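Below: one structure, written as structure tokens.
No lab work stands behind these numbers, since they all come straight from the coordinates. These numbers come from a predicted model, not from an experiment. Note: ideal-geometry Cβ built from the backbone for every residue, glycine included; neighbour counts use all protein chains shown.
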Amino acid sequence: MKRNITQYGIGAAVLLAILVAGGAVFVYSGLYNIGADDHHTRPVFALMQALRERSIAARSKDIAVPDLEDPQRILKGAGQYAAMCTDCHLKPGMEDSEIRPGLYPQPPNLSRVRVEPQAAFWTIKHGVKMSAMPAWGTTHDDPTIWSMVAFLQKLPDMTAQEYEAMVAKAPPDEDMDMGEEDGGHQHGDEAGHVHHQGEAGSMADDPASTSFAHADATVSLDGLIPRAAPDAEATAQAFHGALEHGDRAVVLGILAPEATITEAGQTRSRDAYATHQLDEDLAFMKKAEVTPLWMGSVSMGGTAMVGSAMRIVATDAGKPRTLHGKERLTLKKLGSAWKITAVQWQTTPETRP
């Protein structure tokens, strides 16, 4: 009996060793296609789906849910969703986006699917490994995430018109209210990187912001700090300068090949922007006066975000019109150079108390 047990133990150990060795050979051989366009087999996909769902359920079941019917919370969530989520999860009336067809697994269309609040909160905050879902909790606090959850409960019942109307009314984040419009509170450092009208009034200081003439998305500037990523900010300024001087080649050179440009509720590829919008933005530069208000950034190793705000005076039907613009650029470092991978532009009419 003891000999049989020993033999079984040796056999199991040998089998385990063979499986480990076989697995190592399989991994290091490169036979497995990791490409997102080569989908898993059905059994593997089903296993991963079950793993994800059970993992989220186990970790979210005890999360306390706040009042999700608060109108202000829902309204804030609408703005957050428009800025952060539509490229992957779509919106009412939106059938696809530039990035979504290439994502695997495919993100759910949240304009048609209602996600349980606890699971939604946990997923937004912590993200999902080996998917395109980031952990937004690294840059957004819990109340902001709950605002998105509250909005998600209403989204599947909205028409495209109702969605656009709510997004248009959505309040900006506190960190987006900059300069004179927030009661005099300034966001800047001691070196004076906050600029107000009269301090840096030429178009050369921040010309790219005139492109906001066509934008209506909500741009979040949360977590950005003046001069936190100076090299990335310098690239943003070079981008602005190229737009001001009508240097088409430099603009396109700073934009990475995979770059997307979001304005007027539409996301375009770099090539589509070059074909359909860039020349119009360059022409607009000649007619607008721009006053930079603020610039900030955040570094994340090989990537960075740069945000800015500005006041734009444009002429419409012979009458001057003042706008408040915001821009958020996402950049990645290639060698010693930064390239822009995403541009988000927003403008709203400036109001005075």
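With a Förster radius of 22 Å applied to the beta-carbon distance between H245 and D271, the computed FRET efficiency rounds to 0.50. Remark: spin-label model distance Y104-D157 equals 3.8 nm, labels positioned 7 Å along the Cα→Cβ axis. Taking each residue as 0.36 nm, the span from I34 to K319 lengthens on full extension beyond its C-alpha to C-alpha distance by 96.9 nm.
Once the Cα-Cα distance is subtracted from the 0.36 nm per residue extended length, the Q49 to A13 segment shows a gain of 9.8 nm. Across the options M130, P92, P117, the greatest Cα extent toward the positive end of the charge dipole of region 65-169 (unit charges at beta carbon of Lys, Arg, Asp, Glu) belongs to M130. Taking a ≥ b ≥ c as the square roots of the eigenvalues of the alpha-carbon gyration tensor, region 65-169 is classed oblate because a/c is 1.5 or more while a/b is no larger than b/c. A Förster radius of 51 Å, combined with the Cβ-Cβ distance separating A283 from A21, puts the computed FRET efficiency at roughly 0.20. Using the Cβ-Cβ distance between R112 and A234 with R0 set to 35 Å, the FRET efficiency works out to roughly 0.25.
Calculation over all alpha carbon pairs of region 270-353 in 10 angstrom steps from 0 returns a P(r) of 15, 38, 34, 12, 2 percent.
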